[in-house]
Number of protein chains: 2
Amino acid sequence: MPPVSERRERERAHRHQMIIDSARELAETEGWEAVTTRRLAERVEYSQPVLYSHFHGKDAIVAAVALDGFAELAADLRGARQAAPAPGPALRAVCDAYLRFASERPALYQAMFVLPTDLRFASAETPAPLRACFDEFVACFDPGNERRELVAEVVWSALHGITVLSASGRIPAAWQEERVDLLVTRLARTP
Amino acid sequence: MPPVSERRERERAHRHQMIIDSARELAETEGWEAVTTRRLAERVEYSQPVLYSHFHGKDAIVAAVALDGFAELAADLRGARQAAPAPGPALRAVCDAYLRFASERPALYQAMFVLPTDLRFASAETPAPLRACFDEFVACFDPGNERRELVAEVVWSALHGITVLSASGRIPAAWQEERVDLLVTRLARTP
DNA sequence: CCCGGATGCTAGCAGTGCTAGACATGCTTG
DNA sequence: CAAGCATGTCTAGCACTGCTAGCATCCGGG
């Protein structure tokens, strides 16, 4: 491949990531309803149609943002789990890391778990970062427990429910600590 | 008040409810993204601006739909709880009723719990139907348990998480039964 | 009978996601 | 080295959104 087109491809890749990053920044500072193709194009200093040479449409852009988010979340969860001394405290640590991620990057979390997306979950073509996130929850349980995937799903669902309901003001923001306590202590043990 | 304006007011109230019902039907059949002020106006056979003489804006219309939904959900939950023989099975019955409501009326559920709304939750000016829904969960626990409100919040959050994650394909639609089993059996008891 | 106020309409604004077609730039080939 | 092709980008515009200003029209009260 000639070096010129090599450089072009590099620049194109750079611009690709620039679009994703700009969308994410814009969403984090002003919310997703402020992320429009016009404002996004203005930010990356190109016209709107170039966005469509990188992504099928706006949905694909938020999906790309979400994918980056899943990679970060997986790293966070893994770090929290491995820093814990035992499987018991590990679940608690992972839950805390999950809630911290959601509250520190609400727009990113929204792109990952709330906004309509065509990312495939729980199937063969599920991207690796998604699966990695879920696996961190599963890994907190005894491998001998054949229902551990089910328990992980329930824990994850509960955390997600707590997150979105408190983010939208549907449950009080206080008592988060106590809710996680309740959740972990009662769901962790294998009866 | 003269009978003529009395009739007018009655007609106006009828049209008011007609807007709400049309919005709900449209959402149930084609999803909320298909509910536009134009289509809504066409359905009630008036022009768009009349919508704004009834509601501040589109958000207020979905809030009205949601409010109707809360009344129905509260009735469902109450019926399920009172049909149960004891507090233990009651929680399970209420959870089942909740999930059935969510899966049978997905758009209505979305208006109530997912779409951005200015309905006040968990505060002084919370509308009665909202509070009634939450209270049905609380009533499943022993009044002597001073943490029963917290437990109710967690149960509700988990149900909500299960609902939205499976509705958006983020967890498999199967195993719902088992998830609720897990949730109820481990969170119900008062240790 | 005529007037005034309420009522609902037409038309339009500013914004959205997305795309067709023009244009220029630069690479490849005769 | 020049001609022409292909790639890349932009301008302009489409069909749609929520929402509103201002104008008819109609009906009840004096």
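Laboratory data are not the source of any read-out in this text; all were calculated from the coordinates shown. Predicted model, so just to flag it, every value in this text is computed and none were measured. Methodologically, a virtual Cβ is constructed for each residue, glycine included, from the backbone with ideal geometry; neighbour enumeration extends over all protein chains shown.
Report, in deg cm²/dmol and to the nearest 500, the calculated mean residue ellipticity at 222 nm for chain B, where each DSSP H run with n ≥ 4 adds -39500 (n - 2.57) and the sum is divided by the residue count.
Details: 9 runs with 138 residues, N = 191.
Helix contribution divided over all residues of chain B: -24000 deg cm²/dmol.
When the convex hull of the C-alpha atoms of the stretch B:18-62 is computed, what volume per residue in Å³ does it have?
Details: hull volume 2.6 nm³, N = 45.
Expressed per residue, the convex hull around the Cα atoms of the stretch B:18-62 is 57 Å³.
Would you mind pulling out the separation of the Cα centroids of the stretch A:156-191 and the stretch B:24-53, in Å?
37
Across peptide A:161-174, what mean number of C-beta atoms from other chains lies inside 10 Å of a residue's C-beta? Write down the numbers at each step before the final one.
Working: counts 14, 7, 2, 6, 8, 4, 0, 7, 7, 13, 9, 4, 1, 0.
Shielding by partners across A:161-174 averages 6.
First measure r as the distance between the Cβ atoms of A:ALA84 and B:GLN48, then evaluate 1/(1 + (r/R0)^6) with R0 = 51 Å and state the FRET efficiency to the nearest 0.05. Present the calculation step by step, with values, prior to reporting the outcome.
Numbers: r = 57 Å, r/R0 = 1.12.
After rounding to 0.05, the efficiency reads 0.35.
What is the spread of the Cα atoms of chain B along each of their three principal axes, largest first, in whole Å?
Computed over chain B, the largest-to-smallest principal extents equal 62, 42, 27 Å.
So the label point sits 7 Å from Cα along the Cα-to-Cβ vector; using that for A:ASP59, what distances do you get to the other copies, in nanometres, sorted shortest first?
Ordered by increasing distance: 2.5 nm.
Need one word for the stretch A:95-148: rounded, prolate or oblate. Basis is the Cα gyration tensor (sqrt eigenvalues a ≥ b ≥ c); a/c below 1.5 gives rounded, then a/b vs b/c decides. All intermediate terms of the calculation are to be shown ahead of the outcome.
Values: a/c = 2.99, a/b = 1.31, b/c = 2.29.
Oblate, because a/c is 1.5 or more while a/b does not exceed b/c.
Could you work out the per residue convex hull volume over the alpha carbons of the protein assembly as shown, in cubic angstrom? It would help to have the intermediate numbers written out before the result.
Details: hull volume 71.5 nm³, N = 382.
Per-residue hull volume (Cα only) is 187 Å³.
Taking the simple approach of a point 7 Å from Cα along Cα-to-Cβ for both A:ARG10 and B:ARG12, what is their distance in nm?
Result: 7.0 nm between the two label points.
So the label point sits 7 Å from Cα along the Cα-to-Cβ vector; using that for A:ASP135, what distances do you get to the other copies, in nanometres, sorted shortest first?
Those separations, rounded to one decimal, come out as 4.9 nm.
Averaged across the residues of A:145-157, what count of C-beta atoms belonging to other chains lies within 10 Å of each residue's C-beta?
Values: counts 0, 0, 3, 0, 1, 5, 4, 1, 11, 13, 3, 6, 14.
So the per-residue partner count for this stretch is 5.
From the mean inverse distance of alpha carbon pairs (Kirkwood) and the Cα radius of gyration, derive Rg over Rh for the stretch A:92-191.
Numbers: Rg = 14.0 Å, Rh = 14.5 Å.
We get a ratio of 0.96 for the stretch A:92-191.
Over every pair of different alpha-carbon atoms in the stretch B:69-130, take the mean of 1/r and invert it; report that Kirkwood radius in Å. The partial results should precede the final answer.
On the way: mean 1/r = 0.0796 Å⁻¹.
So the Kirkwood estimate lands at 12.6 Å.
What base-10 log of the normalised intensity I(q)/I(0) is obtained for the stretch A:8-98 from the Debye formula, alpha carbons as equal point scatterers, at q = 0.15, 0.16, 0.20, 0.23 Å⁻¹?
Each listed q maps to, in turn, -0.65, -0.69, -0.87, -1.05.
Ordered shortest first, which distances in nm separate the 7 Å Cα→C-beta label point of B:PRO85 from those of the other copies?
The answer, with the shortest distance listed first, is 4.7 nm.
Relative contact order for chain B: what is it in percent, counting Cα pairs under 8 Å that are at least 6 residues apart? Show your work: numbers first, answer last.
Details: 159 pairs, mean separation 37.0, N = 191.
Relative contact order, chain B: 19 percent.
So, counting K/R as plus one and D/E as minus one, what does the shell of residues with Cβ under 12 Å around B:THR163 add up to? Mind showing how you got there, number by number?
Values: positive: B:ARG100, B:ARG105, B:ARG170, B:ARG179; negative: B:GLU104.
Charge balance near B:THR163 sits at +3.
Loop-only GluC sites (Glu not before Pro) in the stretch B:128-172, please: DSSP not H, G, I, E or B, and at most 15 other Cβ atoms within 10 Å. The partial results should precede the final answer.
On the way: sites: B:GLU136, B:GLU146, B:GLU149, B:GLU153; in loops: B:GLU146.
Those satisfying the criteria are B:GLU146.
Sorting check: for B:67-77, A:25-35, which peptide has the highest mean count of neighbouring beta carbons within 10 Å, and how do the rest follow?
Details: B:67-77: 19.0, A:25-35: 14.9.
The most tightly packed comes first, giving B:67-77, A:25-35.
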